[in-house]
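K.L.:
Input: one structure, supplied below.
The values are calculated or read from the model by the stated rules, or taken from the named source; none is laboratory data. Here the structure is a predicted model, which means the values were calculated and not measured. Here the Cβ is made from the backbone with ideal geometry for all residues, glycine too, and neighbour counts use every protein chain on show. Side chains are part of the model used for accessible areas, which takes the heavy atoms of the whole protein and leaves out ligands, DNA and RNA. Shrake-Rupley method; radii C 1.70, N 1.55, O 1.52, S 1.80 Å.
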Amino acid sequence: MSAIPTPSAPAPDVLRCAYMELLVTDLAASREFYVDILGLVVTEEDDEAIYLRSFEEFIHHNLVLRKAETAGVAAFSFRVRSQADVDKAEAYYRELGCETRRGDFTRGVRNAVRVVDPLGFPYEFFYETDHVERLAWAYEQQGPGALVRLDHFNQVYPDVERGASYLEALGFKRTEDIKDAEGTTYAAWFCRKHTVHDTALTGGNGPRMHHVAFSTHEKHNILYICDKLGALRKSDLIERGPGRHGVSNAFYLYLRDPDGHRVEIYTQDYYTGDPDNPVVTWDVHDNQRRDWWGHAVVPSWYTEASLVMDLDGNPQPVIEREESSEMEVTIGADGFSYTRKDDTDEGFKLGHQV
Ligand SMILES: [Fe+2]
């Protein structure tokens, strides 16, 4: 695939990932998953959409569930520093030749710009939003599995380095990646706020949405969610984990919602705010990169993901990855991936920092 040019127009000052708009086929079933089971806070709702936020959030929403015929993602939405940065985003993507639209796409967020970006993902940038009550201190409302922040998105795309160049030109900083000795990049993580990521690229057929992640304060909150799902006889909603990631060093759990959208519950990664924050590069053959305890990654985690939509709500075409996939190079017949060279060998060291 050809390289994406860097526009002469200045990039917008992105603050953080702010919300995802998910298209769901059964609003009641999705409400049960996100509100009754996971405990996200309802800011407002009607027959067409539910607006949800995490307990520490002060903007209108972190997740929109919108009823639709086809499940998918309508927007990966980022907050920018000012309204002038929304204008900058519009000019930036117009110079890239991308379709852009300006307006109020959800309740509680105004004068945003939506684009289909050069990778084919629906991105939104906004500043103006309604403030709502920050429920950080409302412990009487927070269960033991409280979701306190939106942490990150994860996007599936066939050519990770092509996507990385575009995100880095947009102002994102790479924090970690997974490579092989031949230089193929299998995944990469990018931040604006001072955590490991606001979004990541996972190599695979795309553009598709791999997951959206919410934070808890501590590990025990995630263990409670597992216990609750078991008690509700809904353990089938758990796809992978709980466990400790190698990449990001965070504790994790992956769930699948009623439409198959993947949701990660995530906690306790590390600070990345210095400009010279070292990039951590993992060997794709290191069986501790995806799970620090060496547990196998289930194949569905590598192969399944959600469709992403164009600005009219139609699915974007999915392009196949041409380079070898991470699953193909690391998972043996037993489902495990003990293919790493010894640390005394030439090549990658564990969590090599550059
Ligand atoms: Fe994640």
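K.L.:
Using θ = phi - 60° and the Karplus form 6.51 cos²θ - 1.76 cosθ + 1.60, what ³J(HN,Hα) does each residue of the stretch 193-207 get, whole Hz, x for Gly and Pro?
P.N.:
My calculation for the stretch 193-207 gives 5, 8, 10, 5, 7, 9, 8, 9, 10, 10, x, x, 5, x, x Hz in order.
K.L.:
Considering amide H positions built from the backbone, and no H for Pro or chain starts, which residues 5 or more places from Ala250, or on another chain, come under 5 Å of its amide H?
P.N.:
Under 5 Å from the amide H of Ala250 lie the amide H atoms of His245, each far enough along the sequence or on another chain.
K.L.:
Separate question: Compute the signed sum of charges (Lys and Arg +1, Asp and Glu -1) over the other residues within less than 12 Å, Cβ to Cβ, of Val148. Mind showing how you got there, number by number?
P.N.:
Values: positive: Arg53, Arg134, Arg149; negative: Glu56, Glu57, Asp151, Glu218.
Value of the local net charge: -1.
K.L.:
Roughly what % of DSSP beta bridges within the chain run antiparallel, to the nearest 5?
P.N.:
Close to 75 percent.
K.L.:
What accessible area per residue, rounded to a whole number of Å², is obtained for the chain using a probe radius of 1.4 Å?
P.N.:
So the chain comes to 41 Å² accessible per residue, rounded to a whole number.
K.L.:
Would you mind giving the average projected area, over all directions, of the Cα convex hull of the stretch 51-101 in nm² with one decimal?
P.N.:
5.1
K.L.:
About its Cα centre, how strong a charge dipole does the chain have in debye, to the nearest 20, once Lys and Arg get +1 and Asp and Glu get -1 at the Cβ?
P.N.:
520
K.L.:
Roughly to the nearest percent, how much of the accessible area of the stretch 71-123 is carbon and sulfur, given a 1.4 Å probe? Provide the component values of the computation, followed by the final result.
P.N.:
Working: 780 of 1790 Å².
The C+S portion of the solvent-accessible surface of the stretch 71-123 is 43 percent.
K.L.:
With a 1.4 Å probe and every protein chain left in place, tell me how much accessible area Asp269 has, in Å² to the nearest 10.
P.N.:
Surface accessible to solvent at Asp269 totals approximately 40 Å².
K.L.:
A 31 angstrom limit on the alpha carbon distance is what I want to check against. Which of Lys67/Lys228; Lys67/Lys173; Lys88/Lys193; Lys88/Lys173 exceed it?
P.N.:
Over 31 Å Cα-Cα: Lys67/Lys173.
K.L.:
Between Rg and the Kirkwood Rh of the chain, both from Cα atoms, what is the Rg to Rh ratio?
P.N.:
That ratio equals 0.94.
K.L.:
Report the accessible area of Asp312, computed with a 1.4 Å probe over the heavy atoms of all protein chains in place, in Å² rounded to the nearest 10.
P.N.:
110
K.L.:
Which whole-Hz ³J(HN,Hα) couplings does the stretch 28-41 yield from phi under the Karplus relation 6.51 cos²θ - 1.76 cosθ + 1.60, θ = phi - 60°, glycine and proline marked x?
P.N.:
With the stated coefficients, the stretch 28-41 comes to 5, 5, 5, 4, 4, 5, 7, 9, 6, 8, 7, x, 4, 8 Hz.
K.L.:
Next question. Using all Cα-Cα distances in the stretch 136-291, what percent lands in each 5 angstrom bin from 0 up to the longest?
P.N.:
2, 9, 17, 21, 20, 15, 9, 5, 2, 0, 0
K.L.:
Oh, and also: Could you check how much of the accessible area of the stretch 158-238 is carbon and sulfur, as a whole percent, using a 1.4 Å probe?
P.N.:
Carbon and sulfur atoms account for 46 percent of the accessible area of the stretch 158-238.
K.L.:
Which GluC sites (Glu not before Pro) from the stretch 74-181 combine a DSSP loop assignment with at most 12 other Cβ atoms within 10 Å? Intermediate results must be reported in sequence, preceding the final value.
P.N.:
Values: sites: Glu90, Glu95, Glu99, Glu124, Glu128, Glu133, Glu140, Glu161, Glu168, Glu176; in loops: Glu99, Glu133, Glu140.
Counting only loop positions with at most 12 other Cβ atoms within 10 Å, the GluC sites (Glu not before Pro) in the stretch 74-181 are Glu133, Glu140.
K.L.:
A further question on this structure: Provide the per-residue ³J(HN,Hα) series for the stretch 281-295, in order, calculated from phi with Karplus coefficients 6.51, -1.76, 1.60 and θ = phi - 60°, each as a whole number of Hz, with x at glycine and proline positions.
P.N.:
10, 9, 6, 4, 8, 7, 6, 9, 5, 8, 9, 4, 8, x, 5
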